[in-house]
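Okay, structure first, notes after.
The values are calculated or read from the model by the stated rules, or taken from the named source; none is laboratory data. Treat the numbers as computed from the prediction; the structure is a model and nothing was measured. Cβ atoms come from the backbone with ideal geometry, glycine included; neighbour counts cover every protein chain shown.
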Amino acid sequence: MRKGLAVVVAVGLFGCSPTGLGSVDERPATPPSQPEPEPSADPEPSADPEPSADPEPSADPVPDAKAATIEVHMTSATLADDCGSGPRTRPRARKEKSKRHSKRDQARESGSRAKSKRACEQSSIQLAITSPASAEPANAAVKSVELLLESGKSAGILETRAPSVWADEDGYEAWNEKIEPGQDLSVSYATTQPNWGQIENRWNQTYTVKAVLSIAGAQQTVQQTVVVHAPTSLPPGVKT
């Protein structure tokens, strides 16, 4: 009897032991705790690059200094015939029309003399050119001369020839179209006559003569109005 009791007790002891022989701990092992990484500091925002200054707008091209200092004006124009010669009409005053013209000069400019009574009158343009002493030598050339009607419609192009310069007592002399510093010139070009046959109501009409010139390579436009009066017949025996 004692022997059997001893066995039972022994079994009971083994069964109650939490770590008895042959037992397996099925609980998962807890991994070693890892130190939490420190939060990385946010990178400092990079400074915005300074805005680049807008490029300055390019300046307008500066006109040729030679042309900028030389002034050109059309002082008068004659619309009449083409006599095949150079200009003959004496230059007008530059700032205002001279009131001391003779009646004969006024008749030539206005065309008021009877066609049968007057000699051939050369069509022409007259220019006043002023070059300051500080200017550089320059060349001049007429690119075109256009005749405009009162309506603004073009009546054609007048061809130019015989550039001439007024030399006081000697009248007009041939001009080489060169402008020197300090010169004050009165120059003239002969032109072909307007195509009168294509112009209705030729007489008592105000025309505009527009010339385009090249001065030291720069373009300039000048113009002048011209009134062409109808010719009048003079009474017999009246001298002109």
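A few remarks follow.
- Condition met for Lys143 (charged (D, E, K, R), farther than 16 Å from Trp196 by Cα, out of contact with any helix residue (DSSP H, G or I) (no Cβ under 6 Å at 6 or more places or on another chain) and modelled with pLDDT of 95 or more): yes
- Residue among Val222, Val187, Val142, Val165 that is free of Cβ contacts under 8 Å to residues at least 24 places away in the same chain, assigned to a strand (DSSP E or B) and not small (Gly, Ala, Ser): Val165
- Yes/no for Ala128 being touching a helix residue (DSSP H, G or I) at 6+ places or on another chain (Cβ under 9 Å) and surrounded by 17 or more Cβ atoms within 10 Å (Cβ to Cβ): no
Okay, residues lined up against (1) more than 27 Å from Gly217 (Cα to Cα); (2) modelled with pLDDT of 90 or more:
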| position | (1), (2) |
| --- | --- |
| Lys99 | yes, no |
| Ser112 | yes, no |
| Ser116 | yes, no |
| Ala128 | no, yes |
| Ser134 | no, yes |
| Pro163 | no, yes |
| Asn176 | no, yes |
| Gln183 | no, yes |
| Trp196 | yes, yes |
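- Among residues of the stretch 207-218 being more than 25 Å from Glu173 (Cβ to Cβ) and modelled with pLDDT of 95 or more, the one that is farthest from the chain's Cα centre (by Cα) is Tyr207.
- Selection status of Gly152, surrounded by fewer than 12 Cβ atoms within 10 Å (Cβ to Cβ) and assigned to a loop (DSSP other than H, G, I, E, B): yes
- Under the condition of being of a type in the set (A, V, I, L, M) and either touching a Pro at 6+ places or on another chain (Cβ under 7 Å) or over 20 Å from Ser151 (Cα atoms) (or both), the residues counted in the stretch 186-211 number 2.
- For Ala135, the conditions (1) in contact with a helix residue (DSSP H, G or I) (Cβ under 7 Å, 6 or more places away or on another chain); (2) of a type in the set (A, V, I, L, M); (3) assigned to a strand (DSSP E or B) are fulfilled apart from (3).
- For the stretch 168-205, the set of residues classified as closer than 26 Å to Glu136 by Cβ, small (Gly, Ala, Ser) and surrounded by 12 or more Cβ atoms within 10 Å (Cβ to Cβ) consists of Ser186, Ser188, listed by residue number.
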